[in-house]
Amino acid sequence: MPNLLGDRAVVLGGSMAGLLAARVLADAYAEVVIVDRDTLTGVASARRGVPQGRHVHGLLARGQQILEELFPGFTEGAIAAGVPTGDLGELRWFFNGRRLQPGTTGLTCVSAARPVLESHVRAGVEKLSNVRFEQRTDIVGLATSAGHDRVTGVRIHPHEGTEQVLEADLVVDATGRGSRTPKWLEELGYERPEEDRVKIDLTYTTRVYRLPDESILNGDLSINPVATPSHPRGAFFSRIEGGKSAVSLTGVLGDAAPTDPEGFLEWARTLPVPDVYDVIKDAEPVDDPVAFKYPASVRKHFERLTRFPAGFLVLGDAACSFNPVYGQGMTVAALESLVLREHLGLGHEVDARAFFKDIDGVIATPWEFSASGDLAFAEVEGKRTAKVRMGNAYMAKLQSAATRDGSITRTFMRVAGLVDPPGALMSPGMMLKVFRKSKAA
């Protein structure tokens with residue numbers, strides 16, 4: 001490989017963000033090593049290291065596009081493996097208990113369980129001859145130069161071995177919400193990054209079913225009564241691979257669907273629309289309900305740090321963890337991998353502070369979208385600027401107008417899918433349409 005930046009890059013964490021980072025690093029380093037405490041290869045089920053893995057996940061449209069770019073044929077391969085797909089704007093969306101008019105977006109929704117989706121991406125990474133996995137290995141800490149101004153590797157402890165140092169020219173932290181980078185920085189004499197938090201106290205409770213007759217779905221891929229301040233209980237129902245369907249019931253601010261089968265079904269009956277309950281009441285359960293708690297969205301401002309060790313980067317949920325109901329995490333990680341590729345393409349060692357500045361630009365829009373949406377709930381603590389208040393008021397009108405006009409749904413879903421810019425929702429023509437249709441709704 002010509003123009004290599006170094007002999008070895010090490011990626012901490014083998015989930016989606018780590019896999020995508022490894023994919024672009026493989027073009028710039030002679031060897032890329034992915035370190036994870038779990039068994040990775042050959043796994044297509046939920047892992048201990050990804051506690052949210054059993055719940056319904058959304059790969060936004062821009063994420064699907066990036067996966068197709070990094071792994072040509074990805075979507076076709078997923079379809080061939082039995083993963084259902086559909087148009088994002090033609091799903092059965094409900095806001096405030098009312099269905100949005102379908103609007104064809106031209107964007108592909110890949111409806112797979114998280115572990116299955118991740119296994120397809122991992123298969124693409126495994127084909128790279130210079131990438132290897134250090135599985136069943138604990139990450140102990142960073143190895144640094146004498147003055148702590150450079151990260152020189154990572155201290156690891158294989159489950160069936162002794163602690164050792166894995167030397168590296170670059171270490172990338174993709175360990176997710178549990179990242180220890182702030183603690184490591186503090187121990188090395190650096191400041192911890194400032195954090196923004198939006199406490200939503202979300203609980204997902206999920207169960208997988210087989211439907212006796214899929215005709216009950218009327219051809220729909222997904223049924224999504226989204227939680228809103230007026231109807232805070234929500235759900236995501238999705239057809240997934242293998243003829244199965246998954247339903248995640250979402251409760252916020254401490255509300256949570258029970259994990260006993262009877263309580264789960266009864267809670268589904270309380271949703272603002274009967275569609276999900278009607279589909280699952282006579283379906284065959286594949287497993288028992290399982291819960292996952294998500295206390296708060298957290299954005300770490302690495303871009304504000306004035307000092308940061310060389311040879312070390314952070315991305316994915318380790319940099320910003322989003323409320324999962326918006327489905328942004330995997331797609332933002334994919335966008336960050338493109339930023340990493342751009343910096344690697346400059347032909348010299350990646351400048352961490354410049355990298356953090358650029359991924360902050362990637363994070364800003366989805367963070368504003370999800371944080372503002374959470375702040376629409378009066379009980380959620382946080383600063384409600386005039387921009388947030390005006391934005392939430394406009395979004396309420398837009399969602400109301402979209403119940404009458406599929407073209408509004410189309411634009412909304414293209415923006416929510418991180419394909420079109422937020423300005424598309426604020427064009428003069430769109431605003432006029434929103435105000436007219438919301439009055440009539």
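If you take the Cα centroid of the range 368-385 and the Cα centroid of the range 205-254, the two points sit 25 Å apart. Under 5 Å between amide H atoms, partner at least 5 residues away or on a different chain: which partners does F94 have, H built in plane at 1.01 Å? Result for F94 returns L100, N224, V226. Summary of packing: across the peptides 134-147, 104-117, the per-residue average of other C-beta atoms within 10 Å ranks them, highest first, as 104-117, 134-147.
Place a +1 charge on the Cβ of each Lys and Arg in the chain and a -1 charge on the Cβ of each Asp and Glu, then give the dipole magnitude about the Cα centre in debye, rounded to the nearest 20. Intermediate results must be reported in sequence, preceding the final value.
Numbers: 50 positive and 55 negative charges, 321 e Å.
Once rounded to the nearest 20, the dipole reads 1540 debye.
Ordered from largest to smallest accessible area (heavy atoms of protein chains, 1.4 Å probe), the residues T85, T331, T306 come out as T306, T85, T331.
Judged by the mean number of other Cβ atoms found within 10 Å, the most tightly packed of the peptides 214-227, 278-291 leads the ranking 214-227, 278-291.
Structure note, pairs K183/K357; K199/K433; K357/K387; K387/K433; K300/K383: Cα-Cα distances above 25 angstrom occur for K199/K433.
Heavy atoms only, probe 1.4 Å: what % of the accessible area of the range 189-247 goes to carbon and sulfur, would you let me know?
So the carbon and sulfur contribution to the accessible surface is 43 percent.
Using the Karplus relation 6.51 cos²θ - 1.76 cosθ + 1.60 with θ = phi - 60°, the per-residue 3J(HN,Hα) values for the range 95-110 come to 10, 6, x, 10, 7, 6, 5, x, x, 5, 9, x, 9, 8, 9, 9 Hz, with x marking Gly and Pro. Probing with 1.4 Å while keeping every protein chain in the model, the per residue accessible area of the chain equals 42 Å². Counting protein heavy atoms only, the range 49-160 has 48 percent of its accessible area on carbon and sulfur, 1.4 angstrom probe.
Comparing H148, S222, V332 along the charge dipole axis of the chain, the residue lying farthest to the positive side is S222, per the Cβ-charge model. What's the angle, to the nearest 10 degrees (0 to 90), between helix 16-25's Cα axis and the longest principal axis of the chain? Here the helix axis deviates by roughly 50 degrees. Just the protein heavy atoms count here, and of the accessible area of the range 396-437 at 1.4 Å, carbon and sulfur take up 61 percent.
In sequence order, the range 164-181 has phi-based couplings of 8, 9, 9, 6, 7, 7, 8, 10, 10, 8, 10, 8, x, 4, x, 3, 9, 4 Hz under the Karplus curve 6.51 cos²θ - 1.76 cosθ + 1.60, θ = phi - 60°, and Gly or Pro positions carry x. The mean sequence distance of close C-alpha pairs (under 8 Å, at least 6 residues apart), as a share of the length of the chain, puts its relative contact order at 20 percent.
Peptides 65-77, 20-32, ordered by how many other C-beta atoms sit within 10 Å of their residues on average, highest first, read 20-32, 65-77. With unit charges on the beta carbons (Lys and Arg positive, Asp and Glu negative) and the dipole taken about the Cα centre of the chain, which residue among L4, V165, A113 sits farthest to the positive side? Of L4, V165, A113, it is A113.
The values are calculated or read from the model by the stated rules, or taken from the named source; none is laboratory data. Here the structure is a predicted model, which is why all the values come from computation and not from measurement. Neighbour counts run over all protein chains shown; Cβ positions are idealised from the backbone, glycine included. Remember, those area values only see protein heavy atoms, side chains included, never the ligands or the DNA or RNA. Shrake-Rupley method; radii C 1.70, N 1.55, O 1.52, S 1.80 Å.
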